[in-house]
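Each remark here refers to the structure printed beneath this line.
The values are calculated or read from the model by the stated rules, or taken from the named source; none is laboratory data. Computed from a predicted model, the values in this text were never measured in an experiment. Here the Cβ positions follow ideal geometry from the backbone for every residue, glycine too, while neighbour counts run over all protein chains shown.
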Amino acid sequence: MSGHLLLVGAEDRRHATAHRLGRRLTLLTSVSALGTLEDLSRYERIVAVPDTAPLGEWAAAARTVAAHDPVDALGAFAEEVQDRAAVVAAELGLPGHPVEVVRGTAHGPLMRALLREAGVDGTTASEVRDTADVLAFAAVYGYPLVLKPVDATDPGAATVLRSAGDLPDALEPGRPMMVEEFLDGTEYGVEAFSEDGVHRLVCLTQPLFDPVSGVRTGHCLPTRVDDRLRARVEAFLPRVLDALGVTDGPTHTRIVATDAGLRVVRTHLRPGGDRIVELAALALGLDLDDLWVRQVCGQRVLDGLPDRPSRAAAVRFVTPRAPGLLERCYGAEEATALEGVEAVHWLREPGSLTPGALTPESRGACVIATGATGRQAVDRSLAAAARLRFVVVCAG
């Protein structure tokens with residue numbers, strides 16, 4: 001395995017994994033990201049560039065590092081810096097996602113065009129600047145539609161537009177947005193690993209949604225699907241990844257099983273978020289972060305992937321439903337005492353403001369539970385989540 005690993009971007013958890021595996025680490029990151037790191041001692045050197053540094057400056061900094069200490073491998077585990085890592089990899093002649101692959105997965109309209117041209121997914125989409133653009137798209141393709149950020153790394157939520165009356169007064173200035181056909185069906189998350197152009201399905205996850213707002217409130221792994229659907233996904237996924245040019249590394253692809261067939265929502269060049277890595281460790285006995293770091297360092301990993309989970313795991317997110325100042329949180333001991341509950345994570349510190357609305361950004365805690373089946377894991381996570389309490393001081 002490679003000795004000197006150049007890490008592009010701050011991603012504390014996976015950097016800790018690389019350090020534990022005995023790699024010599026150099027960190028290349030932006031100045032503002034330094035404050036997110038818990039342990040600077042694991043790095044032999046740290047090179048920080050301005051937050052506004054152009055891609056060429058990242059490449060020049062990497063070239064300087066390599067001139068003094070040759071780099072054996074490159075790791076970019078934070079999604080928001082993968083464009084910089086692609087430029088650095090090309091500059092140093094190291095393995096990594098090419099620039100066009102990073103852009104093809106991150107830029108929504110381009111991803112749609114690549115899938116359409118390859119005959120994989122014909123979902124129509126268009127970048128929009130204002131409500132007139134959205135109305136023009138709706139005049140051709142009808143409602144419902146989905147309005148969402150162009151950039152896959154943008155944390156903004158997607159909005160379902162069921163009529164012209166659902167249109168916002170104006171699109172947010174400076175935030176590139178796109179509109180696309182609404183995909184009506186059941187959504188799944190697909191975790192996969194690729195190696196030299198060979199793609200392996202790791203598992204299917206089932207996202208859980210609030211029935212009123214449609215906000216994602218949890219996940220279950222594995223999802224309960226029949227063998228025919230799993231076979232369809234196993235045949236569909238390589239076509240998606242080939243069309244996007246992905247050859248190596250983990251991917252998280254959201255798909256929808258519609259009456260017209262499987263359709264793609266997004267593909268990310270990383271494992272799934274929302275604690276899916278923890279769920280995979282519990283259900284599959286598989287550390288996706290460890291696999292990713294080992295592969296970056298030159299180790300082959302596909303042969304070590306399990307065929308089926310040995311049990312199920314679920315995560316449930318809990319949101320304070322009153323706006324104001326979070327005074328305290330309690331109930332974790334009671335929740336973790338329940339059967340099958342593996343962990344409770346508080347996601348908000350006392351003293352922080354809570355909006356009171358159910359959004360991905362307003363989560364206050366999450367519960368992780370396991371069970372013999374997905375249904376049992378979900379039920380246990382719900383029972384534990386019901387034990388958590390937030391004390392919020394409301395203004396006025």
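Key figures for this structure:
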item	result
Selection from the stretch 67-80 of residues that are in contact with a His (Cβ under 9 Å, 6 or more places away or on another chain) and surrounded by 19 or more Cβ atoms within 10 Å (Cβ to Cβ)	VAL71, ALA73, GLY75, ALA76, PHE77, GLU79
Enumeration of residues in the stretch 144-167 that are under 20 Å from THR258 (Cβ atoms), surrounded by 14 or more Cβ atoms within 10 Å (Cβ to Cβ) and at pLDDT 90 or above	PRO144, LEU145, VAL146, LEU147, LYS148, LEU161
Elements of type helices (runs of 4 or more DSSP H) contained in the stretch 64-177, each with 2 or more residues being under 30 Å from ALA16 (Cβ atoms) and of a type outside the set (Lys, Arg)	82-92, 99-106
Considering residues of the stretch 135-161 that are of a type outside the set (Val, Ile, Thr) and touching a residue at least 60 places away in the same chain (Cβ under 8 Å) only, the residue nearest to ARG270 (Cα to Cα)	ALA152
Where PRO309 falls short, out of the listed (1) at pLDDT 90 or above; (2) under 27 Å from ALA192 (Cα atoms); (3) in contact with a Leu (Cβ under 6 Å, 6 or more places away or on another chain)	(1)
1 or more residues over 30 Å from ALA231 (Cβ atoms) and among the small types (Gly, Ala, Ser): qualifying strands (runs of 3 or more DSSP E) within the stretch 265-349	324-330, 341-346
Residues being of a type in the set (Val, Ile, Thr) and farther than 28 Å from PRO222 by Cβ - total across the stretch 328-379	1
Selection count where residues are under 20 Å from the mean Cα position of the chain (by Cα) and either on the phi > 0 side of the Ramachandran plot or of a type in the set (Lys, Arg) (or both), scope the stretch 305-326	1
Enumeration of residues in the stretch 218-262 that are out of contact with any helix residue (DSSP H, G or I) (no Cβ under 9 Å at 6 or more places or on another chain) and outside any helix (DSSP H, G or I)	ASP226, ARG254, VAL256, THR258, ASP259, ALA260
Filter pass, THR359 being closer than 20 Å to LEU204 by Cβ, at pLDDT below 95 and loosely packed, with under 15 Cβ neighbours inside 10 Å	no
Selected residue [over 21 Å from LEU288 (Cβ atoms) and touching a helix residue (DSSP H, G or I) at 6+ places or on another chain (Cβ under 8 Å)] from VAL8, VAL71, VAL31	VAL71
Options ARG254, ARG316, ARG270, ARG294; residue that is touching a Cys at 6+ places or on another chain (Cβ under 8 Å), buried (at least 18 other Cβ atoms within 10 Å of the Cβ) and of a type in the set (D, E, K, R)	ARG316
GLU180 vs. criteria more than 19 Å from the chain's Cα centre (by Cα), at pLDDT 90 or above and not hydroxyl-bearing (Ser, Thr, Tyr)	yes
Which numbered condition LEU208 misses (of (1) farther than 30 Å from SER381 by Cα; (2) touching a Gly at 6+ places or on another chain (Cβ under 6 Å))	(1)
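One line per residue, one yes/no per condition, for (1) in the same structural domain as ILE255 (by TED's automatic domain parsing); (2) more than 23 Å from the chain's Cα centre (by Cα); (3) at pLDDT below 95:
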{"position": "ALA33", "(1), (2), (3)": "no, no, yes"}
{"position": "VAL47", "(1), (2), (3)": "no, yes, no"}
{"position": "ALA66", "(1), (2), (3)": "no, yes, no"}
{"position": "PRO70", "(1), (2), (3)": "no, yes, no"}
{"position": "GLY75", "(1), (2), (3)": "no, no, no"}
{"position": "ALA85", "(1), (2), (3)": "no, no, no"}
{"position": "ALA90", "(1), (2), (3)": "no, yes, no"}
{"position": "LEU114", "(1), (2), (3)": "no, no, no"}
{"position": "GLU117", "(1), (2), (3)": "no, yes, no"}
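Results for (1) surrounded by 14 or more Cβ atoms within 10 Å (Cβ to Cβ); (2) more than 16 Å from GLY96 (Cβ to Cβ), shown as yes or no for each residue.
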| position | (1), (2) |
| --- | --- |
| LEU5 | yes, no |
| ALA10 | yes, yes |
| HIS19 | yes, yes |
| LEU28 | yes, no |
| VAL31 | no, yes |
| LEU34 | no, yes |
| ARG42 | yes, yes |
| VAL49 | yes, yes |
| GLY56 | no, yes |
